[in-house]
Amino acid sequence: MYPKISESRIQAAIDDAQSAASYAYPWDSLELALKNKGQDSFWLVGYGSLLSLGSAARTIDTSDRAAREPAIVYGARRQYSYRFPAAFLKKRYNKTGNFAALDSKATYKREDRFNGILTRIFLEDIPAFREREFAYDLKPVPAFRWNAPQEPYRIAYTLDCPASGPSEHHPFTADSPPLPEYHKTCRDGAENVSIDFLQYFLDSTYLGDGRTSIQRWERESGFLQANFKQP
């Protein structure tokens, strides 16, 4: 069962998030801002490979103090619009070509929403996290606890790669297909939370055009046939 939250509460939360600070990559002022507030971490909603505990643990603290838990975000859309750097693609997946990873777009529209893992990112992990999330801005969004949506929401951050950047190699892409191996990692991470969480992941994920559903791509690309036994 999906969380039930009233539209008026969602709108109030979105309005609240819009008043929070954003950080353009490389988030130069982030550490100082946290220290000035006496904070040792900030909240992030991981919506792609960070859904996977194993993948997240390569870069950030995933111990109990990170307080990882499933959440639902409003006012943002998840889509495959971040082009994998060629060197990373070769090193991690031993592949070449034009493939996309997940991205999010902070739209602050009530109809845009996705699920993810709410987690703390600690000051000591920010340098490695900054390297991992090259070219993504940090945009504030409201995150409600998946298993306790009646509890107060938290203003967290989502990773949002802008459509243009200072270099011709800027990774935003609107027409690159998902990397199947990466997509399975994200999909498995969602399924490890629950079947309902996986279904919401599928229902709220799109290709880089922001319109084509990931479920359509799974069917038409052969992803399902390659990765799951068909009845």
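Summed over the stretch 166-193, the residues that are among the small types (G, A, S), in contact with a strand residue (DSSP E or B) (Cβ under 8 Å, 6 or more places away or on another chain) and part of a loop (DSSP other than H, G, I, E, B) give a count of 2.
Here is a yes/no grid of residues against (1) modelled with pLDDT under 95; (2) closer than 14 Å to S204 by Cβ:
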| position | (1), (2) |
| --- | --- |
| Y2 | yes, yes |
| I60 | no, no |
| R68 | no, no |
| A71 | no, yes |
| R78 | no, yes |
| T107 | no, yes |
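Output the residue which, of all residues in the stretch 22-50 that are open to solvent by 50 Å² or more (accessible area, probe 1.4 Å), in contact (Cβ under 8 Å) with a residue 60 or more places away in the chain and under 30 Å from F172 (Cα atoms), is nearest to the chain's Cα centre (by Cα). The residue in question is W43. Looking across the stretch 51-106, just one residue is assigned to a loop (DSSP other than H, G, I, E, B), within 18 Å of E131 (Cα to Cα), in contact with a Lys or Arg (Cβ under 8 Å, 6 or more places away or on another chain) and open to solvent by less than 30 Å² (accessible area, probe 1.4 Å), and that is T59. When each of R132, R145, R113, R216 is tested for being at pLDDT 95 or above, within 25 Å of D28 (Cα to Cα) and of a type in the set (K, R), the lone residue that passes is R132.
Could you list, in sequence order, the residues of the stretch 171-203 that are more than 15 Å from the chain's Cα centre (by Cα) and of a type in the set (S, T, Y)? T173, S176, S194, listed by residue number. Among the residues of the stretch 174-209, write down those that are open to solvent by less than 60 Å² (accessible area, probe 1.4 Å) and farther than 28 Å from F42 by Cα. A174, S176, P177, P178, L179, P180, L207, D209, listed by residue number.
Q18 meets the conditions (1) of a type in the set (S, T, N, Q); (2) open to solvent by 60 Å² or more (accessible area, probe 1.4 Å); (3) under 17 Å from the mean Cα position of the chain (by Cα) in every case but one. The failed one is (3). Filtering the stretch 211-231 to residues that are more than 16 Å from S49 (Cβ to Cβ) and open to solvent by less than 20 Å² (accessible area, probe 1.4 Å) leaves E218, F223. Among the residues of the stretch 136-147, those identified as open to solvent by less than 20 Å² (accessible area, probe 1.4 Å) and within 14 Å of the chain's Cα centre (by Cα) are Y136, L138, P140, V141, P142, A143.
The values are calculated or read from the model by the stated rules, or taken from the named source; none is laboratory data. Treat the numbers as computed from the prediction; the structure is a model and nothing was measured. FYI the Cβ positions are ideal-geometry reconstructions off the backbone, even for glycines, and counts take in every protein chain you see. To get the accessible areas, we keep the full protein, side chains included, count just its heavy atoms, and leave off ligands, DNA and RNA. Shrake-Rupley method; radii C 1.70, N 1.55, O 1.52, S 1.80 Å.
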